[in-house]
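So the structure is just underneath, and the comments pick up after that.
Every number in this text was worked out from the coordinates using simple rules, so none of it is lab data. Bear in mind the structure is a predicted one, so any value in this text is a computation, not a measurement. Methodologically, a virtual Cβ is constructed for each residue, glycine included, from the backbone with ideal geometry; neighbour enumeration extends over all protein chains shown.
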Ligand SMILES: Nc1ncnc2c1ncn2[C@@H]1O[C@H](COP(=O)(O)OP(=O)(O)O)[C@@H](O)[C@H]1O
Ligand SMILES: [Mg+2]
């Protein structure tokens, strides 16, 4: 394998690796927390991009997979005393399972109807878990501090979680790239451009869409477990935050839907912006309004996002940026 | 017989767009499908390749009953079509459009082989100069060729052409006619919907005529063009009568 043949992948991976290494090299816990948020955002945005960017289906309630994964993982950690690694896999499997089960039904809906259905799913699951006693109902679940001792104490556990997130983020990027470059991905993009024409050409849209949905759900499921393990408690209000879903869409659109690099750039840029807004007295209470406004601007003026704009503007960029 | 259409009816609510239509098609032939606007020609295509489920009747393709199969199954079995209103995959390049056809068509190729097939087909239809352009940037004539290229890339047994000549200028029309002849020589059976009479007449071995969803005549081009019912159907459509007259002048 000649690396120079995959410039789009290399750039994306290098960006992530460089940013991730900084806290490790400096050993700074506060840098680690900042980068954790950034990595989580760009990994979630990149997963969403598989559905939103490649397939053209806007999942407004994508955070449901993060929440469900988080809950299932948390439960296996605290009630079943599973190892974190297994818990993370369980969270991913649960998210994938939900996406698969939903896929056949709600993916038949198109456009706004699909988007609305995904919000419905998120709200329905939140309501369900609110009343589901094994998961703690409305108060959720807490983690005993002793659990962290199995991972060398709380400090060490936080670094392990951080390492786990780096691995998952790289996994998302490889997946995103591999999908984009594959026959499967080409089928997804055909569906995005014209689903009926794609089917006439032989693309099995119902299957392809379901697998795209499953792929884009697995990673939020995995990440949810890490997040809530680190958090130490989980409750419905935290797990199924619809506005996080919307922020993810902003990130994807900002960087460029349908590109590998776009959600990475968009996720990082959005988090920087959010941080600035949150620390500014003027904007800190209207951060979501700013996100909404930003989305409006992007959709109106640069619908292909930053990376998409560069690609369409400069032919050389098309070879380098994926 | 590569295709048998048996008593196919398609209703949309109260409207019967295709009424009890039956015909057969021998391998290697070009069948012309003509009729005034709104006669149900496109709907019949949609029934044949599974975009619509016929309300009644059967479609037998290469001996297999394909009635009610999803359209992608029909594509896998070797049935390809072009759209009257072109449907390019806009944000993909011309090459990617054609590769989709090759990847997901009858031969179910991998990306690499599909790219070879796509290059060959693009050369064949005359799109080699535009392979890396976005499909959205093509003009109408090129988009029609793209429709044809995607369909051919799937290596079909039967090709349904829905007004591939509409909107082309006379030079483009005659170029496209040559292309269609070469497609036939590749051994592909064709059904073509066409309004340009001299084109259908010169290409088809056999013609069927639809009017208000019903098959009102069939036969050789000569037979059909002299059939009083056909003439009446066309004269009943002032637009088309005028267009026919114009074409006679060309
Ligand atoms: N999806 C549809 N729903 C309702 N009516 C339709 C649909 N498709 C076609 N029709 C109607 O069926 C009739 C035949 O249309 P069509 O097959 O497109 O005619 P042609 O291709 O011969 O011009 C027209 O009256 C048209 O309005
Ligand atoms: Mg028509």
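Considering only the protein assembly as shown, what is the antiparallel percent among its DSSP beta bridges, to the nearest 5?
Numbers: 22 of 38 bridges.
Antiparallel bridges make up about 60 percent of those DSSP assigns within the protein assembly as shown.
Would you mind getting the Kirkwood hydrodynamic radius of the stretch A:3-242 from its Cα pairs, rounded to one decimal in Å?
One decimal place: 18.5 Å for the Kirkwood radius.
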Can you give the Rg to Rh ratio for the protein assembly as shown, taking only C-alpha atoms and Rh from Kirkwood?
1.08
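Based on other C-beta atoms within 10 Å, arrange A:270, A:148 from fewest to most.
On the way: A:270 25, A:148 20.
Ordered from fewest to most neighbouring Cβ atoms within 10 Å, A:270, A:148 come out as A:148, A:270.
Ranked by Cβ crowding within 10 angstrom, fewest neighbours first, how are A:314, B:124 ordered?
Fewest-to-most Cβ neighbours within 10 Å comes out as A:314, B:124.
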Name the most mobile residue of A:306, A:239, A:29, meaning the one with the largest mean-square fluctuation, in a Gaussian network model of chain A with Cα contacts below 10 Å.
A:29
Restricted to chain B, the DSSP antiparallel beta bridge percent, nearest 5, is 55
Would you tell me the mean number of C-beta atoms belonging to other protein chains that fall within 10 Å of each C-beta in A:176-183, as a whole number?
2
Can you tell me the orientation of helix B:140-153 relative to chain B, as the angle in degrees between its alpha-carbon axis and the longest Cα principal axis, to the nearest 10?
80
Helix-only CD estimate at 222 nm, as mean residue ellipticity for chain B, using -39500 (n - 2.57) per DSSP H run (n ≥ 4):
-12500 deg cm²/dmol
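Hull surface divided by four, with the convex hull built on the Cα atoms of the stretch A:35-162: how many nm²? Walk me through the intermediate numbers first.
Details: hull surface 33.9 nm².
So the Cα hull casts an average projection of 8.5 nm².
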How high is the relative contact order of the stretch B:79-155, given as a whole-number percent (alpha carbon pairs under 8 Å, six or more residues apart)?
50
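Quick one: pull the percentage of alpha-carbon pairs in the stretch B:112-186 with a separation above 19 Å.
Working: 880 of 2775 pairs.
Pairs farther apart than 19 Å: 32 percent.
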Estimated translational D of chain B in µm²/s (Stokes, Kirkwood radius over Cα pairs; 20 °C; 1.002 mPa s):
117
Counting alpha carbon pairs within less than 8 Å and at least 6 residues apart, what relative contact order, in whole percent, applies to the stretch A:176-265?
18
Take every Cα-Cα distance within the stretch B:79-155, group them into 5 Å bins from 0 onward, and report for each bin the whole-number percent of pairs it holds.
3, 20, 32, 27, 14, 3
